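Worksheet for the structure shown next.
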Amino acid sequence: MNKKRLFLLGFILCGLLLCCSCKKKDDQKNKPTDNIESTVTEGASDQKNQETTADTQENKTEETEDTKAENVTYVDYAYDQEPQIIDDIYRTYYEVFLYSYYDSNGDGIGDINGLIEKLDYLNDGDDSTHTDLGINGIWLMPIMPSTTYHKYDVIDYYDIDPEYGTLEDFQKLIEECNKRGIKVIIDLVLNHTSTKNEWFQSAVKSLAIEPCGKKKCKEKDLCREHNPYCQFYNFVEGQPTSGKYYSTGVGDWYYEAVFWDQMPDLNLGNENVRSEFEKIMKYWLDMGVGGFRIDAAKEFYTGNTDKNVEVLSWMTKYVKGLNPDNYLVAEVWDSFGTMSQYYESGIDSLFNFPFAQEQGKIVTTINYTGDKNSGSSLGRAMVTIQDKFRSLNENAIDASFLTNHDTARSAGYFSYNEDKIKLGAGINLMMAGNSFIYYGEELGMSGSGIDENKRVPMYWSETNTTGMTKGPEKMETMVHKFGTYEDQVNDPLSIYNYYKRAIQLRNENPEIARGTTAIIDSLNQGDLCAITRTYKDSSIVLLYNISDQETTVSLADAQLNVEGIRGYLSVNGAAVTMEGDSVTMPPYSIVVLK
């Protein structure tokens with residue numbers, strides 16, 4: 001075969017390969033997704049341990065796009081406004097896993113005093129400095145004594161795990177947070193306890209003792225009829241043929257444990273259990289916490305939504321009865337239709353799983369094309385969830401988030417495209433209600449696979465290891481592409497500073513969190529999301545350019561009473577500008593007009 005034919009054959013093969021590659025990319029962009037506004041999405045995972053797949057290539061940094069803008073001049077931001085902080089139950093929350101956050105005593109495990117040392121990072125108490133993130137709410141993952149690193153198996157509901165510190169340390173944390181206007185909510189695990197909990201230990205011991213037949217058991221060790229802890233759990237005699245049950249080791253008695261054999265499920269229909277939890281909740285509220293994050297609410301009675309809603313209704317009435325400003329947010333990891341029903345309990349908030357994670361509305365809007373994934377579809381979805389939640393609870397407060405301790409981190413969702421990571425954060429933080437940020441997301445940290453990988457040490461510094469934690473024992477090595485806090489703090493285009501600006505906008509404009517959302521019909525088209533948020537007698541306009549191209553938006557026909565730009569979010573440093581009725585928006589930008 002001569003050189004000419006070889007060259008021609010090679011050229012044809014290259015063309016075919018290129019064609020296949022392009023088609024694969026286009027297929028991915030147009031991947032069908034669940035459409036909230038038209039089908040009331042059923043796309044959120046209903047399996048707590050189901051793994052996402054977008055972050056599986058996180059260590060292959062050679063496949064990552066370098067999305068730092070080229071030939072774009074960074075423009076100094078000219079829209080700093082006076083913060084309008086309102087002391088209510090609307091907050092921007094930061095989820096902290098103490099174990100991996102900051103270590104104060106050199107044992108490699110994060111602790112309460114370590115968090116106290118880093119409070120100025122979250123909020124220094126001075127609204128004029130702009131040196132902090134601007135966080136005004138903290139969600140602490142479980143802090144009570146436990147046998148595990150994650151501490152979701154509680155041994156004692158009235159104490160602090162020794163790895164984290166003491167009750168005195170916790171009281172100091174609350175005091176320091178109060179000085180900064182930060183409300184602290186703590187994880188409350190009432191679906192199950194640890195097998196080492198004294199309630200369970202006492203119950204199992206009594207199962208071995210036959211009912212005494214008396215009105216009152218007088219023995220030192222109570223029989224199973226008279227020990228109230230025997231009704232605290234779901235014990236059955238004889239091995240069940242369905243469900244997740246494990247042997248107590250006593251006779252033929254078994255106990256229910258949905259998540260793990262070391263986490264026996266509580267019988268939340270028992271009045272003594274409820275009475276005990278009322279004491280527990282009051283104990284922590286009296287200590288100064290602002291409320292609770294309720295773990296695994298859909299597993300109280302697995303598969304029975306009505307009973308689960310009733311449990312949340314009981315909790316809400318009790319906690320809000322003590323103080324209407326106490327805040328409750330529950331984890332209901334389920335489809336939009338099912339999750340929404342839990343608002344009938346009267347609870348303040350439910351985590352918005354249909355908008356979160358790899359296949360949630362925020363990520364699919366950014367990653368995929370087509371009308372179902374357009375910017376205008378995002379606007380319609382915002383109104384749909386608002387109307388649905390409020391139809392079930394007029395006081396519902398949406399709880400938006402991108403990731404948490406059970407999910408892969410968002411950098412992997414976007415294949416480490418920095419612009420998309422920022423836009424995802426911007427959409428989350430511009431959502432109405434309370435927005436939640438998982439620690440380290442503001443640095444674009446990596447994490448996927450086993451749970452330990454999602455809970456890796458906060459990436460403070462490579463040069464100063466003081467306070468750096470060792471992380472969970474089984475975690476694998478994570479490569480964090482975007483650097484440490486120390487690397488990012490002085491870079492105006494860093495992910496950290498994008499988060500900081502987004503939170504600043506929330507703090508400057510109460511309408512963002514508290515307002516009622518309405519679509520601007522004439523503008524909410526294609527890749528432009530155009531909405532208003534109205535709080536009391538004040539309205540703002542929010543425009544989102546979801547495309548990777550600059551766009552100019554004409555407000556002439558929208559009949560909006562807009563004076564000018566209130567602030568904006570730009571991924572590449574370029575400014576959003578306004579001349580007359582025209583707003584020019586850089587790629588992947590968001591602007592607040594008023």
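Can you tell me which residue within the stretch 356-390, out of those that are more than 18 Å from S415 (Cα to Cα) and β-branched (V, I, T), is surrounded by the fewest Cβ atoms within 10 Å (Cβ to Cβ)?
V383
Which one of V479, V456 is surrounded by fewer than 22 Cβ atoms within 10 Å (Cβ to Cβ) and of a type in the set (A, V, I, L, M, F, W, C)? Even if it seems obvious, please write down each step before you answer.
Details: V456 fails: surrounded by fewer than 22 Cβ atoms within 10 Å (Cβ to Cβ).
Of V479, V456, the one residue that is surrounded by fewer than 22 Cβ atoms within 10 Å (Cβ to Cβ) and of a type in the set (A, V, I, L, M, F, W, C) is V479.
Given the conditions (1) free of Cβ contacts under 8 Å to residues at least 24 places away in the same chain; (2) surrounded by 14 or more Cβ atoms within 10 Å (Cβ to Cβ); (3) assigned to a helix (DSSP H, G or I), report the number of the one that F277 does not fulfil.
F277 satisfies all of (1) free of Cβ contacts under 8 Å to residues at least 24 places away in the same chain; (2) surrounded by 14 or more Cβ atoms within 10 Å (Cβ to Cβ); (3) assigned to a helix (DSSP H, G or I) except (1).
Going by what's in this entry, would N497 be described as under 22 Å from the mean Cα position of the chain (by Cα), closer than 15 Å to N434 by Cα and assigned by TED's automatic domain parsing to the domain that holds S100?
Numbers: under 22 Å from the mean Cα position of the chain (by Cα): yes; closer than 15 Å to N434 by Cα: no; assigned by TED's automatic domain parsing to the domain that holds S100: yes.
Against the criterion (under 22 Å from the mean Cα position of the chain (by Cα), closer than 15 Å to N434 by Cα and assigned by TED's automatic domain parsing to the domain that holds S100), N497 does not qualify.
Of K214, K179, K183, which residue is without any contact (Cβ under 8 Å) to a residue 60 or more places away in the chain and closer than 27 Å to G134 by Cα?
Details: K214 fails: closer than 27 Å to G134 by Cα; K183 fails: without any contact (Cβ under 8 Å) to a residue 60 or more places away in the chain.
The match here is K179.
When the residues of the stretch 280-320 are narrowed to those that are farther than 23 Å from N136 by Cα and of a type in the set (G, A, S), which ends up surrounded by the most Cβ atoms within 10 Å (Cβ to Cβ)?
Out of the qualifying residues, it is A297.
Looking only at the stretch 283-297, filter to residues that are in a strand (DSSP E or B) and not charged (D, E, K, R); which one of those is farthest from the chain's Cα centre (by Cα)? Give the derivation first.
Initially, the stretch 283-297 is screened for residues in a strand (DSSP E or B), giving 291-294.
Subsequent filtering for residues that are not charged (D, E, K, R) retains 291-292, 294.
Details: G291: 16, F292: 14, I294: 13 Å.
Applying the filter and picking the extreme gives G291.
State all residues of the stretch 311-352 that are under 19 Å from I89 (Cα atoms) and polar (S, T, N, Q); if no residue qualifies, say none.
S313, T316, N323, N326, S345, S349, N352
Cβ-Cβ below 7 Å, separation at least six or inter-chain, first residue in the stretch 308-325 and under 10 Å from G291 (Cα atoms), second of a type in the set (V, I, T): which pairs?
Listed pairs, sorted by first residue: D325/I89.
Listed residues K454, K422, K470; which is touching a residue at least 40 places away in the same chain (Cβ under 8 Å) and under 15 Å from the mean Cα position of the chain (by Cα)?
Numbers: K422 fails: under 15 Å from the mean Cα position of the chain (by Cα); K470 fails: under 15 Å from the mean Cα position of the chain (by Cα).
From the options K454, K422, K470, the qualifying one is K454.
For residues that are in a loop (DSSP other than H, G, I, E, B) and hydrophobic (A, V, I, L, M, F, W, C), scanning just the stretch 408-422, find the one that is nearest to I531 (Cα to Cα).
Going residue by residue through the stretch 408-422, those that are in a loop (DSSP other than H, G, I, E, B) are 408-409, 414-417.
Narrowing the set further to residues that are hydrophobic (A, V, I, L, M, F, W, C) leaves 408, 414.
Numbers: A408: 30, F414: 25 Å.
Filtering the stretch 408-422 for residues that are in a loop (DSSP other than H, G, I, E, B) and hydrophobic (A, V, I, L, M, F, W, C), the one nearest to I531 (Cα to Cα) comes out as F414.
Which ones in the stretch 371-407 are part of a loop (DSSP other than H, G, I, E, B) and in contact with a Lys or Arg (Cβ under 8 Å, 6 or more places away or on another chain)? Steps first, please.
We begin by selecting, within the stretch 371-407, every residue part of a loop (DSSP other than H, G, I, E, B); these are 374, 393-398, 402-407.
Result: A396, T403, H405, D406, T407.
Kindly indicate whether G360 is under 30 Å from E299 (Cβ atoms) and in contact with a Lys or Arg (Cβ under 8 Å, 6 or more places away or on another chain). Spell out how you get there, then give the answer.
Working: under 30 Å from E299 (Cβ atoms): yes; in contact with a Lys or Arg (Cβ under 8 Å, 6 or more places away or on another chain): no.
Here the answer is no, as G360 does not meet what is asked.
The values are calculated or read from the model by the stated rules, or taken from the named source; none is laboratory data. Every value quoted in this text rests on a predicted model; they were computed, and no experiment measured them. Because the Cβ atoms are built from the backbone with ideal geometry, glycine has one as well, and the counts that use them run over all protein chains shown.
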